[in-house]
1. Tell me, what is the percent relative contact order of the range 222-373, built from C-alpha pairs under 8 Å that lie six or more residues apart?
2. Please list, by residue number, everything in the range 263-285 whose backbone N is under 20 Å from a paramagnetic label point 7 Å out along Cα→Cβ of GLN301.
3. Report, in listed order, any pair from LYS88/LYS193; LYS55/LYS149; LYS170/LYS260; LYS149/LYS170 with a Cα-Cα distance greater than 21 Å.
4. Which one of ALA168, ALA180, GLY92 is farthest out on the positive end of the charge dipole of the chain, using unit charges on Cβ (Lys, Arg +1; Asp, Glu -1) and the Cα centre as origin?
5. Would you mind working out the magnitude of the charge dipole of the chain relative to its Cα centre, with +1 at each Lys and Arg C-beta and -1 at each Asp and Glu C-beta, to the nearest 20 Debye?
6. Averaged over every viewing direction, what's the projected area of the C-alpha convex hull for the chain? Give it in nm², one decimal, please.
7. What number, in percent, do you get for the relative contact order of the range 21-271 if the mean sequence gap of Cα pairs under 8 Å and at least 6 apart is divided by its residue count?
8. Once the Cβ-Cβ distance between GLU429 and ASP120 is put in as r, and R0 is 22 Å, what FRET efficiency do you end up with, to the nearest 0.05?
Amino acid sequence: MRRLLFVTLMLWLIGCESDPAPASVDAIGGIVDDVSMPAVATVNAAKVAPASACKACHPQHFAEWSGSRHAAAVTDQLFQALVGVRQKQRAGKEDRFCTQCHSIVGVRSGDIHPGFAFSDLQQASVDAVSCAVCHGATEVLRTHNAGLKVDFAGPLHGNLADPKAAAAHKVAPGPLLQSAEFCAACHDVYELKGLSLERPFQEWQDSPAPDQQQTCQTCHMPTYDGQAAVGGPQRTGLHHHRFVGFDPPGAATGTEAGLKAGFDNDLAMLLGDAASLTVLAEVPDATGVANLTVSVANHIQGHSLPTGTTFLRQCWLEVTVRDASGKVLYQSGDLDANGDLRNRWSQLDPFGDSDLISFSSELIDASGAPTLFPWLAAEHHRNALRAGETKTFTYFAPIAKDFHGAIAVTARLRLRAAPPFLLRLVGLETLLPHNRTAELAHDATALAVP
Ligand code: HEC
Ligand code: HEC
Ligand code: HEC
Ligand code: HEC
Ligand code: HEC
């Protein structure tokens, strides 16, 4: 009898194994990938804990995460606008592509399906890169395109020594969470046909950071002392969850004052010595042309500058020569009245700045023309400074032939999240005031022209 029961149980288990899809689950449709865009749902969005379920016991982690880009990865207006463009151009068929990392729960549950609407999503899908996604991760199956295996019903993984037995949930060790590979699973991005779009992890592998035991977490999750949970012991080495980067924190919802100060502080620390720059100027030659030499160095030991969405993010040199009265004699990297660089995308002065040095990347379509949309791109031309790299550029600045007197030269390395022309193109003018520009480094020199 006992034996029979055992055999029956075994047959049932084997039966389950060969039939992973319960009959009640519908095929999702659209493009398919076994790991990140499964043909049938592998998770039930309604059963995944939303971030709010962690708030009462982990108030600081929750508050910081809420203001982070991870919490905003679905509500991000530029993201929704671009997904909308692709949705129209591809008749919804590729709707699960751009969303596979921004909302692992949405895509794997079928909540996001061909023709989906952002307004119909369940909370666990809107929570984007949520606590449940990261702390449920059990394995990195590939270091790109949402290559995480996530167990939404299992214990929550962390690195606390002797975690206090928590009544609310089981815990398990999470060495995976400490690795760069974990972040890579979402941060290295390939388009459908294999074009590499974002690759901070590949850049990190080629940088000095791995040898120096520096992971993504070292720089993007600074540590602090405090409580990991309400009622838990005082601990050292907890991790900030603001995931500081340059893009505006908590853009849509706004963040509490104390929290905003934390973000500002993280950002100042992150950008503080990310880059340096020097400028040298020579007296104009007989034709009135002055050679200006600008050297710019990326001091980030972990990846290129810029990194990530380099086809959206703008990073460039601004160089200005003025006479003693402040009148501009020469300028490159300045903005037109729309706030755009005077490159091909400028509406007011297209191709007006032929000297422009930009470290952003360019997407080129199959006909050789530049495009703004990754899914139309056949090539990706990169111009970023690699980890630790210094590059030197010479500007031949035309100063008037008969110029005499003092000239002042300034140079700045500038960075901003998105180009204004793109925000206008997709109807997001309201974001323009929030699209601030950071100065990563600057230098100045002066000379007298006899
Ligand atoms: C993008 C992934 C990610 C998200 C989202 C995330 N965490 Fe974490 N969390 C981590 C990593 C990575 C660590 C550990 C870092 C290490 O040990 O190097 C961590 C550590 C922790 C710890 C252990 C204590 C500490 O601070 O080191 C707690 C508790 C925690 N997270 C709770 C949360 C809660 C609650 C949320 C949601 C409000 C959340 N996390 C969202 C990645 C994430
Ligand atoms: C009822 C309270 C409570 C709730 C709700 C709660 N936790 Fe916890 N959690 C704790 C306590 C207590 C600890 C242990 C803290 C310690 O030992 O310092 C803990 C520890 C953790 C750890 C660290 C585990 C380790 O082994 O390092 C993580 C990660 C974590 N919680 C994530 C979450 C997430 C994600 C949620 C929401 C889905 C959540 N918790 C909800 C009380 C809670
Ligand atoms: C489940 C996928 C996923 C995982 C895992 C993940 N990220 Fe992210 N991360 C994202 C997405 C998507 C965004 C962009 C959200 C947006 O702005 O729309 C982002 C944004 C960021 C930003 C903010 C960039 C900015 O523009 O300001 C930083 C920094 C960051 N992640 C660091 C990390 C680190 C460090 C890890 C590993 C501990 C990690 N992420 C793990 C998906 C992920
Ligand atoms: C040595 C410190 C360091 C390490 C290690 C590091 N980063 Fe960064 N990261 C920075 C700095 C500084 C910036 C800000 C400059 C910039 O935007 O390029 C940045 C920017 C970023 C950005 C762009 C966000 C933004 O808006 O500024 C992303 C995404 C990012 N890092 C992800 C990663 C990932 C993923 C890893 C691991 C593979 C990693 N970083 C490792 C220092 C580091
Ligand atoms: C493999 C995972 C993954 C896929 C697929 C993906 N993203 Fe992202 N996305 C990220 C990560 C990680 C970041 C944060 C990197 C950064 O800020 O540099 C990000 C950031 C963004 C941002 C914010 C950047 C900014 O400067 O404001 C937008 C917008 C965006 N993605 C749109 C898209 C679109 C459109 C697609 C489809 C073509 C897409 N993403 C596909 C992972 C992904």
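1. Details: 174 pairs, mean separation 18.0, N = 152.
The value is 12 percent.
2. 266-277
3. LYS55/LYS149; LYS170/LYS260
4. In the chain, that residue is ALA168.
5. That gives a dipole near 960 debye.
6. On the way: hull surface 107.8 nm².
Projected over every direction and averaged, the Cα hull of the chain covers 27.0 nm².
7. Numbers: 406 pairs, mean separation 47.3, N = 251.
About 19 percent, as a whole number.
8. Working: r = 26 Å, r/R0 = 1.19.
Between GLU429 and ASP120 the formula returns 0.25.
The values are calculated or read from the model by the stated rules, or taken from the named source; none is laboratory data. Only a predicted model underlies this, so the values are computations on that prediction, with no experimental measurement involved. No Cβ is skipped: glycine too gets one built from the backbone with ideal geometry, and neighbour counts run over all protein chains shown. Side chains included, ligands, DNA and RNA excluded: accessible areas come from the protein's heavy atoms. Shrake-Rupley method; radii C 1.70, N 1.55, O 1.52, S 1.80 Å.
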